[in-house]
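Asks: One structure follows; several queries about it will come next.
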Amino acid sequence: MKRAAVISARHLDIGYHTGGDGIKRVHTDLNIALYAGELTCLLGANGAGKSTLLRTLSGAQPSLAGDVCINGKPLKDISRHILSQTIGVVLTDKTAIGGLTVREVVALGRQPHTGFFGILTSHDKQVVEDSLEACGIADKGTRYMASLSDGERQKVMIAKALAQECPIVLLDEPTAFLDIVSRIEIMSLLHRIATEHNRAILLSTHDIEQALVLSDRLWLLSREKGLTTGVTEDLILSGCLNNLFPHSDIHFDPLHGSYYPTVHRHKSATVVCHDETLLHWVINLLNRNGYGASFDTVTPCPIIIHIESHCHILWQEKDTSATLHSFEELVRKIQEK
Amino acid sequence: MNKKRNISYSTILILVLCILTAILWVCNLFVGSVDIPAEEVVNALTGQPCAKESWRYIIIESRIPQAITALLAGCSLAVAGLLLQTTFNNPLAGPSILGIDTGAALGVAIVMLAGGSWVVGSGISGFFATILGAFLGAIAVLAVILFFSTFVRNNLMLLIIGMMVGYLTSSLISLLNFFASANQVHAYTMWGMGNLSGVSLEQLPWYSIASLCGLLIAFMLSKPLNAMLLGTRYAENLGVNISLTRNLLLLATGLLTATTTAFCGPITFIGLSVPHIARLLLRSSNHNTLLPVTMLCGAIVLLLCNMLSVIPGSNGIIPINAVTPLIGAPVIIYVIVNQKKINYFNG
């Protein structure tokens, strides 16, 4: 079954009018498709244009060329009112809602659905309660926003977007400034909302580890290569992530799903180890100390390191050999060289 | 259910404030620069014959309009302050801080000092010219600040710009004073001290209509005002027409500040401090309840100030602006000192 994209655009140019006749094009010729029921992560370096793209897709900023289409209809033909029921946003803007309760903030998400004075019907109130429930903050309904932690506050803003009942939710760095627990909670929450509530969720983030774990689809945005999109694993295995940060000192390790500094190894050692975790950290240690690791036991390097366990390491060099009892001793041995 | 209790708390608070306003309003009728025995005040109000005809005249022609003016001026300035604080997302915004009443004062100064002698008299055309001048002056300053607010994101910087605009307007007023005649300067100086007795019984309907219009616009904007607590981009995403809302807020604030300033002179501290008193009492920044509470608090504070401005025992009245800071300044200092503890202050 081929699904239709909820947001689509072909040959889209994004950027700003810089006053006068000046136009700053951040990206040209972008082709975009965002699908319902999926969590999509927008990754890219600072200044790659992530926020500009999100603003253009949410209609907060006009495109320079090409149309953004929502369910096939050009964004600029959609009324302000309908748009507010279609796209919900979560931003990093400074707010002044410390004196509102959690429930009141989530209820603000009902504004596109309520009348002139914003009176909530029993249906609206039910949606608010359901949204609080879905974001796991139902017990905090009467708390003041000012009394919440950053992670809880972000959940409230997500609940607000959920209460807006928009099929599309765009989030600008929702996990910035959060600790690892909150980051994982927020990402899992968003993934659950995408699948269970069949929303199209797009978020920009610098948290690549979590994005690779939970994102159904990636959008990689870089100044040099433009936008590359695809299912997360396709992009990882095709090496696209290496091009995201075109920097000679950084490379992507597809095995561990993370970026590492490229080590310029002058020396190398042969490592013999049967435990994968142990092997990973030994390589980490060697790399940091300027050694490359080789696994070739047929034509071994002058130095051979046998790892039995983290407290039993055999160091072989030419004819001498030594038994080391910790990584501490291994480091010292390497530094002696 | 906590939520139910919260609703009833705000309802009770509004009810209590309504009763307090009514009591203070009546009390205002019993005090004034002329000592009138309480039973004579009651006689005058109920249409019974008074011991002195002049007392009846004072009650009907002076104290009633003054009490109504204090009530409306308090409501207007407090609500104007709240609108400004929400619009600029700045707890220290207020008509006097941002130079809006100085703008109104400049408008009045132009009319009174440069406009010729016909304005200084209490003729009805001069009266309308004064109001129009104040309105245009206030709107002009508001527009300048709103213009700067579109690209000066820093709140503190915006406040400083507001103060600078205020100084610039003040210097223009000084210049006008310098070239004006002694009579004009005297009339203007008296006006500038703030005076709630400036509205006569004939002018009162006009003043009431103007300020009630401003208050009505404010109440109609409570939904977008709540959305704007989230910031303009969130509000826009919730379907709020930002430019329309801002223009309406500009109109309402201008109307409320300008008419009050034109009639009563620039009254300081009500617009800045009363919204804070209201938030502290209500413990919420939800405009659905904060707007009425702010309005009532404004009325109560100004009615109270008006009573305090009558020096007990003597026959003098001190300018209202000598009294309002006594209530206003401590509130602002309290809010700033306790900003960590006060919920609404933290984003």
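Asks: What single numbered condition from (1) part of a helix (DSSP H, G or I); (2) surrounded by 12 or more Cβ atoms within 10 Å (Cβ to Cβ); (3) more than 14 Å from every other protein chain (Cβ to nearest Cβ) fails to hold for residue B:12?
Replies: With (1) part of a helix (DSSP H, G or I); (2) surrounded by 12 or more Cβ atoms within 10 Å (Cβ to Cβ); (3) more than 14 Å from every other protein chain (Cβ to nearest Cβ) applied to residue B:12, the lone miss is (2).
Asks: Would a scan of the range A:127-138 turn up a residue that is within 11 Å of chain B (Cβ to nearest Cβ) and either over 23 Å from the mean Cα position of the chain (by Cα) or surrounded by fewer than 18 Cβ atoms within 10 Å (Cβ to Cβ) (or both)? Show your work before the answer.
Replies: So in the range A:127-138, the residues within 11 Å of chain B (Cβ to nearest Cβ) come out as A:128-129.
Retained after the next criterion (residues that are either over 23 Å from the mean Cα position of the chain (by Cα) or surrounded by fewer than 18 Cβ atoms within 10 Å (Cβ to Cβ) (or both)): A:128-129.
Looking for residues that are within 11 Å of chain B (Cβ to nearest Cβ) and either over 23 Å from the mean Cα position of the chain (by Cα) or surrounded by fewer than 18 Cβ atoms within 10 Å (Cβ to Cβ) (or both), one finds at least one in the range A:127-138, hence yes.
Asks: Of all residues in the range B:226-256, which are crowded, with 23+ Cβ neighbours inside 10 Å, within 22 Å of residue B:144 (Cβ to Cβ) and within 14 Å of chain A (Cβ to nearest Cβ)?
Replies: B:228
Asks: I would also like to ask the following. Aliphatic (A, V, I, L, M), assigned by TED's automatic domain parsing to the domain that holds residue A:108, surrounded by 22 or more Cβ atoms within 10 Å (Cβ to Cβ) and in contact (Cβ under 8 Å) with a residue 12 or more places away in the chain, is that true of residue A:161?
Replies: It is true that residue A:161 is aliphatic (A, V, I, L, M), assigned by TED's automatic domain parsing to the domain that holds residue A:108, surrounded by 22 or more Cβ atoms within 10 Å (Cβ to Cβ) and in contact (Cβ under 8 Å) with a residue 12 or more places away in the chain.
Asks: While we're looking at this one, here's another question. Kindly list, by first and then second residue, each pair from a residue in the range A:63-78 that is under 14 Å from residue A:11 (Cα atoms) to a residue that is part of a helix (DSSP H, G or I) and among the hydroxyl-bearing types (Ser, Thr, Tyr), limited to pairs with Cβ atoms under 7 Å and residues at least 6 apart or on different chains.
Replies: Listed pairs, sorted by first residue: A:63/A:56; A:68/A:56.
Asks: Any residue in the range A:1-24 that's within 20 Å of residue A:67 (Cβ to Cβ): show its pairings with residues that are assigned to a loop (DSSP other than H, G, I, E, B) and hydrophobic (A, V, I, L, M, F, W, C) at Cβ separation under 6 Å, as long as the two are six or more apart or on different chains.
Replies: As it stands, the answer is A:6/A:36; A:13/A:64; A:15/A:64, since those pairs meet every condition given.
Asks: Separate question: Hey, residue A:51 hits all of (1) modelled with pLDDT of 95 or more; (2) in a helix (DSSP H, G or I) but one; which does it fall short on?
Replies: Checking residue A:51 against (1) modelled with pLDDT of 95 or more; (2) in a helix (DSSP H, G or I), the one that fails is (1).
Asks: Also: Search the range A:166-182 for residues being of a type in the set (D, E, K, R) and out of contact with any helix residue (DSSP H, G or I) (no Cβ under 6 Å at 6 or more places or on another chain), and hand back the single one that is modelled with the highest pLDDT.
Replies: Out of the qualifying residues, it is A:173.
Asks: Of all residues in the range B:180-225, count the ones that are part of a helix (DSSP H, G or I) and either loosely packed, with under 15 Cβ neighbours inside 10 Å or away from chain A (no Cβ under 14 Å) (or both).
Replies: 25
Asks: A further question follows. Name the residue that is modelled with the lowest pLDDT, counting only residues in the range B:304-346 that are assigned to a loop (DSSP other than H, G, I, E, B), within 14 Å of another protein chain (Cβ to nearest Cβ) and surrounded by 11 or more Cβ atoms within 10 Å (Cβ to Cβ).
Replies: B:346
Asks: Which of (1) at the interface with chain B (Cβ under 9 Å from one of its Cβ atoms); (2) in contact with a Gly (Cβ under 8 Å, 6 or more places away or on another chain); (3) hydrophobic (A, V, I, L, M, F, W, C) does residue A:105 not meet, given it meets every other one?
Replies: (2)
Asks: Note down all Cβ pairs under 8 Å where the first residue falls in the range A:183-204 and is closer than 13 Å to residue A:161 by Cα, the second is of a type in the set (Phe, Trp, Tyr) and surrounded by fewer than 20 Cβ atoms within 10 Å (Cβ to Cβ), and they're at least six residues apart or on different chains.
Replies: Partner pairs satisfying both residue conditions: A:200/A:35.
Asks: Among the helices (runs of 4 or more DSSP H) confined wholly to the range A:204-295, which include 1 or more residues that are out of contact with any helix residue (DSSP H, G or I) (no Cβ under 7 Å at 6 or more places or on another chain) and under 29 Å from residue A:192 (Cβ atoms)?
Replies: Numbers: elements: A:208-214, A:232-237, A:276-288.
The helices (runs of 4 or more DSSP H) meeting that bar are A:208-214, A:232-237.
Asks: So in the range A:310-324, with the set limited to residues that are over 15 Å from residue A:285 (Cα atoms) and not hydrophobic (A, V, I, L, M, F, W, C), which one is surrounded by the most Cβ atoms within 10 Å (Cβ to Cβ)?
Replies: A:316
Asks: So residue A:73 fits all but one of (1) under 21 Å from residue A:200 (Cα atoms); (2) out of contact with any Ser or Thr (no Cβ under 6 Å at 6 or more places or on another chain); (3) within 12 Å of chain B (Cβ to nearest Cβ); what number is the exception?
Replies: (3)
Rundown of residues vs (1) among the charged types (D, E, K, R); (2) assigned to a loop (DSSP other than H, G, I, E, B), yes/no style:
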{"site": "A:89", "(1), (2)": "no, no"}
{"site": "A:96", "(1), (2)": "no, yes"}
{"site": "A:107", "(1), (2)": "no, no"}
{"site": "A:127", "(1), (2)": "no, no"}
{"site": "A:130", "(1), (2)": "yes, no"}
{"site": "A:153", "(1), (2)": "yes, no"}
{"site": "A:158", "(1), (2)": "no, no"}
{"site": "A:169", "(1), (2)": "no, no"}
{"site": "A:177", "(1), (2)": "no, yes"}
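Asks: Could you list, in sequence order, all residues of the range A:76-85 that are within 10 Å of chain B (Cβ to nearest Cβ) and assigned to a loop (DSSP other than H, G, I, E, B)?
Replies: A:79, A:85
Asks: With the condition kept exactly as written, say whether any residue in the range A:18-32 is within 14 Å of chain B (Cβ to nearest Cβ) and of a type outside the set (Asp, Glu).
Replies: yes
The values are calculated or read from the model by the stated rules, or taken from the named source; none is laboratory data. Computed from a predicted structure; not experimentally measured. Cβ atoms come from the backbone with ideal geometry, glycine included; neighbour counts cover every protein chain shown.
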